[in-house]
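Down below is the structure, laid out as structure tokens.
The values are calculated or read from the model by the stated rules, or taken from the named source; none is laboratory data. In this text the structure is predicted, and so the values were computed from the model without any measurement. Note that we place each Cβ from the backbone using ideal geometry, even for glycine, and neighbour counts take in every protein chain shown. For the accessible areas, the whole protein counts, side chains as well, though only heavy atoms, and no ligand, DNA or RNA atoms are used. Shrake-Rupley method; radii C 1.70, N 1.55, O 1.52, S 1.80 Å.
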Amino acid sequence: MKTYNELYLNARNLLRQKGVESYNLEARILVAKAAGKPVAELLRDLNLYATPAIEEAVQASISRRLAGEPVAYITGTWEFYGLPMIVTPDVLIPRMDTEVLVDTAKELLIGRKMDARILDLCCGSGCISCALGHELPASKLVAVDISASALDICRKNIALNRLNSRIITMQADASVSPPLGIGKFDMLISNPPYVASGEILTLDPSVRDYEPVWALDGGENGLRFYKSIIKFWKSVLRPGGYLLFEVGEGQAEDVKEMLLAGGFESADTRRDTLGIERVVFGRMSFQDSEAYSVF
């Protein structure tokens, strides 16, 4: 039998040889998952012996990772904004870039509209809704996605984070008009598909081959969903309400122009940790939010 430390060192070396950048962290996560332990507990128990069943589970997980499968899908969980998230291949893996979207929403609402009604459009796993629900305890949220399987994961994450009383889910298509009776919102926040169709095949294999393509493909130039959401969904915003988007690298100026042309009185951006303009947001005029239609 091998100790947990031996299993970890072997996993780390295999991942490093494969060129996995975060081989240390991933080795810890995969061994901990196979052992049924939190990472902190694994580190405490490194000198203990693992059972043959655990050793086999570690080997199976490492084989899947070496084949290119993302760690989050192997473990079935990931963290976003400090919260645990269930993830499956039905949803995109939550990324740190998207935390800037949550930061921006908080910046705009805290001290101004703490009890905001927020729409999370293209919600996927529900990571944005859960983060905002946790950070803004007086808010109410509606999480919307076209995918029934994604909404199932979203509901599980809402329950996991004990937010059932403040977040509801709804199935709807972001590229057409919103359902009747959805109501009005102080903020619409969205991380829509924004990879240009022609660039899908150039993505890292761990993304291209495992994450749902429908949640990545933003049309010919990657801007299809921004146009549709501004055209069809701005009507759900109350006067003075905010629309926030996550955008891909190099898309910020185009999306800002769309917001201004679509009747928003202002548009601005926020950068991620690498200095990339990652969030674009606009504020709706206090005039009739349905007065403009340029698309």
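Calculated over segment 96-237, the projected area of the Cα convex hull averaged across directions stands at 8.5 nm². For segment 196-285, the equivalent ellipsoid derived from the alpha-carbon gyration tensor has semi-axes of 26, 15, 11 Å in decreasing order. Our Cα-only numbers for segment 12-89 put the radius of gyration and Dmax at 12.3, 35 Å. The angle separating the long axis of helix 52-66 from the principal Cα axis of greatest extent in the chain is about 50 degrees. For chymotrypsin sites (Phe, Trp or Tyr not before Pro), no site in segment 183-241 is both called loop by DSSP and has at most 12 other Cβ atoms within 10 Å. All Cα-Cα distances of segment 106-161, cut into 5 Å bins from zero to the largest, leave 5, 21, 30, 22, 13, 7, 2, 0 percent in each bin in turn.
Computing Rg and the Kirkwood Rh from the Cα coordinates of the chain gives a ratio, Rg/Rh, of 1.03. In this view, the solvent-accessible surface of Leu48, computed with a 1.4 Å probe and all protein chains in place, comes to about 90 Å². For segment 90-130, the orientation-averaged shadow of the C-alpha convex hull comes to 3.1 nm² (one quarter of the hull surface). For segment 162-213, the share of alpha carbon pairs falling in successive 10 Å distance bins from zero is 16, 36, 27, 21, 1 percent. Number of Lys-Lys pairs in the chain with C-alpha atoms under 22 Å apart and a separation of 8 or more places or on different chains: 21.
Averaging the Cα positions of each part gives two centres, and for segment 41-94 and segment 116-194 these lie 27 Å apart. For the chain, the longest principal axis of the alpha carbon atoms and the long axis of helix 23-35 meet at an angle near 70°.
Both radii were evaluated on the Cα set of segment 55-179; the Rg over Rh quotient, with Rh as the Kirkwood radius, amounts to 1.03. Based on the Stokes-Einstein relation at 37 °C and a viscosity of 0.692 mPa s, and on the Kirkwood radius from alpha carbon pairs, segment 44-92 is assigned a translational diffusion coefficient of 261 µm²/s.
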